[in-house]
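Q: Sending over a structure as structure tokens; questions will come in a sec.
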Amino acid sequence: MEERILAMAEFIKLSPALPWIAEQGHAGLVTACAPDRLILESPLKSFSTRLTHITVSLQNDQNFHFKGRLETEVYPFHFIISPEERQTLQELLGQIRKDQHIEICRSQDVEAEGRYTGFQELSFLPEALPLFDHSEIDTSVDFLGQRFALPILITGMTGGIQKGMEINRRLALAAQKFGIPMGVGSQRIALDNAEYAPIFSVKDTAPNVFLIGNIGIAQLADKDALDRCRRAVDMIDANALAIHFNVVQEHIQVEGDRNLAGIMKNLEMICKTLNVPVIAKEVGSGISPSSAKMLAECGIAAIDIGGAGGTSWAHIEGLRSSSDIVSQLGLTFRNWGIPTAYSLVAVREALKDFPLIATGGIRDGLTAAKACALGAQFAGIGLPLLKAALQNEEAVEQAIEGFERGLRLTMLASGAKTLADLKSKIVRGRPYQSTFERLIPSHH
């Protein structure tokens, strides 16, 4: 039943389509794919011989060879991949997914509608007097036993096959220059096939960068979960490992992992056993106080609350699908989650002194300062730096400098010499709005 529904509805649409060729010389284009099949189009609407072996080519001249059969002679053709070839198909899907993520983020509106993060409700109290010199501002922050120059973290993003290596190299060089930590995107594709490891290995280029590895929560359902975590760390000489929680995304993604049984038990074991700190990372739905407490009890060293209001991975997965149902699911859940500021405040109240990262819709230094004022050690920045990294190294540096200057100006203009001072300078609503409303009656 599940396979029949998938065959009818859920495919990843390919644009551009990928060329295929068969042993017999037949050829055409792969226009869509699913976890068990490829959709083939061809100038020929029928074949004189059975189609059993095809080769699919990516734009980087990489070829994937498949054995299978045509499900029916109905056009376009459904080429069912043999079970023993499904791992190869997963590798192809992984490459397609990574490159599609980048292209969709680059070219389409992928953020929550309205970009509501909750930070819009907050203001700093301006200080007109120059209480200290600009050079006296201290933006440093301590995190996981190290000190960083800025409370800015380059959050783990997708890393495509075509561009991933260069994206990560540009981000790593900038992170090292500015003295900030950097996370890589999901390493799953390299854990499944070691030839992709160089995409994530940046310490040859930036040996001093504090690097955070990345693996999905669904990978913790595997029997070899601890081994996969260790290999993810060793692969890039990571200083910490982020485990990302993306339940909504996985259930909208056509090829998503939906087996989540036994994950929390494995998570606790990994936190106790792994030789680097483990960070729990949401990707846009936010973390509730009860979830945060459970994660802390498991031994998680820090939490990236990944709130709603920024990049919506539910929407991105809907855009990738050829299914009207899946596309509508992506739209329905585009704004799903706890707004970043709300999640941050709620988790900070539940875990008073716990290391927190606020990611989700932070697009300037002023908003980064608001995140710090609400108790975050770092503001995680994703989409703006991904777009910059698609350009060149200078664009990444300029983007980070923009965040830094906005943060420092906020501190200077509100009289906050340190990040800790920001906490007493922020209010809900507009500056002195409550005083205004108290002193000026709305009616007599």
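Q: Which number in (1) part of a strand (DSSP E or B); (2) surrounded by 15 or more Cβ atoms within 10 Å (Cβ to Cβ) marks the one condition that Ile104 misses?
A: For Ile104, the exception is condition (1).
Q: So which of Ala341, Ala292, Ala261, Ala238 is over 14 Å from the mean Cα position of the chain (by Cα), crowded, with 19+ Cβ neighbours inside 10 Å, in the same structural domain as Ala368 (by TED's automatic domain parsing) and assigned to a loop (DSSP other than H, G, I, E, B)?
A: Residue meeting the stated conditions: Ala238.
Per-residue answers, yes or no, for (1) in contact with a Phe, Trp or Tyr (Cβ under 9 Å, 6 or more places away or on another chain); (2) part of a helix (DSSP H, G or I); (3) modelled with pLDDT of 90 or more:
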position	(1), (2), (3)
Arg4	no, yes, no
Ile21	no, no, yes
Gln24	yes, no, no
Gly28	yes, no, yes
Ala32	yes, no, yes
Leu38	yes, no, yes
Ser48	no, no, no
Glu84	no, yes, yes
Leu92	yes, yes, yes
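Q: Shifting gears a bit: Here is a check on your reading of the model: is Val110 within 30 Å of Ile300 (Cβ to Cβ), in the same structural domain as Ile305 (by TED's automatic domain parsing) and either of a type in the set (A, V, I, L, M, F, W, C) or surrounded by fewer than 12 Cβ atoms within 10 Å (Cβ to Cβ) (or both)?
A: No: the conditions fail for Val110.
Q: His101 is checked against (1) in contact (Cβ under 8 Å) with a residue 12 or more places away in the chain; (2) farther than 30 Å from Leu383 by Cβ and fails just one. What number does that condition carry?
A: Looking at each condition in turn, His101 falls short on (2).
Q: Among the candidates Ala341, Ala358, Ala368, single out the residue that is under 27 Å from Val278 (Cβ atoms) and touching a Pro at 6+ places or on another chain (Cβ under 8 Å).
A: Ala368
Q: Same structure again: Mind checking which residues of segment 412-444 are surrounded by 13 or more Cβ atoms within 10 Å (Cβ to Cβ) and in a loop (DSSP other than H, G, I, E, B)?
A: Correct list: Gly415, Ala416, Lys417, Lys425, Pro431, Tyr432.
Q: May I pose another question? Restricting to segment 42-58, and then to whatever is surrounded by 14 or more Cβ atoms within 10 Å (Cβ to Cβ) and of a type in the set (Gly, Ala, Ser), can you tell me which residue is farthest from Trp20 (Cα to Cα)?
A: Filtering segment 42-58 for residues that are surrounded by 14 or more Cβ atoms within 10 Å (Cβ to Cβ) and of a type in the set (Gly, Ala, Ser), the one farthest from Trp20 (Cα to Cα) comes out as Ser42.
Q: Going by the structure shown, is Glu10 over 30 Å from the mean Cα position of the chain (by Cα) and of a type outside the set (A, V, I, L, M)?
A: Taking the combined requirement at face value, the residue does not satisfy it.
Q: Report yes if some residue within segment 241-254 is modelled with pLDDT of 95 or more, of a type in the set (Val, Ile, Thr) and under 18 Å from Leu191 (Cβ atoms); otherwise report no.
A: yes
Q: Of everything in segment 50-69, what is touching a strand residue (DSSP E or B) at 6+ places or on another chain (Cβ under 6 Å) and either at pLDDT 90 or above or among the aromatic types (Phe, Trp, Tyr) (or both)? Give them in sequence order.
A: His53, Ile54, Thr55, Val56, Ser57, Asn63, Phe64, His65, Phe66, Lys67, Gly68, Arg69
Here's the yes/no breakdown for (1) outside any helix (DSSP H, G or I); (2) among the basic types (Lys, Arg):
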| residue | (1), (2) |
| --- | --- |
| Glu349 | no, no |
| Arg363 | yes, yes |
| Gly375 | yes, no |
| Val396 | no, no |
| Gly402 | no, no |
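Q: Could you give me the residue pairs with C-beta distances under 7 Å whose first residue belongs to segment 132-153 and is within 23 Å of Ala399 (Cα to Cα), whose second residue is in a loop (DSSP other than H, G, I, E, B) and among the hydrophobic types (A, V, I, L, M, F, W, C) wherever it lies, and which are 6+ apart or on separate chains?
A: Thr139/Ala149; Thr139/Leu150; Ser140/Ala149; Phe148/Ile180; Ala149/Ile180; Leu150/Ile180; Ile152/Ile180; Leu153/Ile180
Q: As an exercise: evaluate Ile96 against (1) surrounded by fewer than 18 Cβ atoms within 10 Å (Cβ to Cβ); (2) over 27 Å from Gln377 (Cα atoms); (3) of a type in the set (A, V, I, L, M) and give the number of the one condition it does not meet.
A: (1)
Q: Additional query: What pairs come out if I take residues in segment 177-189 that are touching a residue at least 60 places away in the same chain (Cβ under 8 Å) and pair them with residues that are hydrophobic (A, V, I, L, M, F, W, C) and part of a helix (DSSP H, G or I) whose C-beta lies under 6 Å away, six or more apart or interchain?
A: Short answer, once both residue conditions are applied: Phe178/Ile400.
Q: Pairs only if they're at least six apart or on different chains, beta carbon under 9 angstrom, first in segment 429-444 and closer than 17 Å to Gln120 by Cα, second in a loop (DSSP other than H, G, I, E, B); list them, first residue then second.
A: Pro431/Leu125; Pro431/Pro126; Tyr432/Leu125
Q: A further question follows. For residues that are over 15 Å from His315 (Cβ atoms) and in contact with a helix residue (DSSP H, G or I) (Cβ under 9 Å, 6 or more places away or on another chain), tally how many sit in segment 107-130.
A: 13
Q: Within segment 389-415, which residues are touching a residue at least 60 places away in the same chain (Cβ under 8 Å) and more than 16 Å from Lys177 (Cα to Cα)?
A: Leu390, Leu407, Arg408, Thr410, Met411, Leu412, Ala413, Ser414, Gly415
Q: I'd like the residue in segment 315-338 that is among the polar types (S, T, N, Q) and free of Cβ contacts under 8 Å to residues at least 60 places away in the same chain and, out of all such residues, is surrounded by the most Cβ atoms within 10 Å (Cβ to Cβ).
A: Across segment 315-338, the extreme among qualifying residues is Ser327.
The values are calculated or read from the model by the stated rules, or taken from the named source; none is laboratory data. Values in this document were obtained by computation on a predicted structure and should not be read as measured data. Cβ coordinates were reconstructed from backbone atoms using ideal geometry, including for glycine residues, and neighbour counts include every protein chain displayed.
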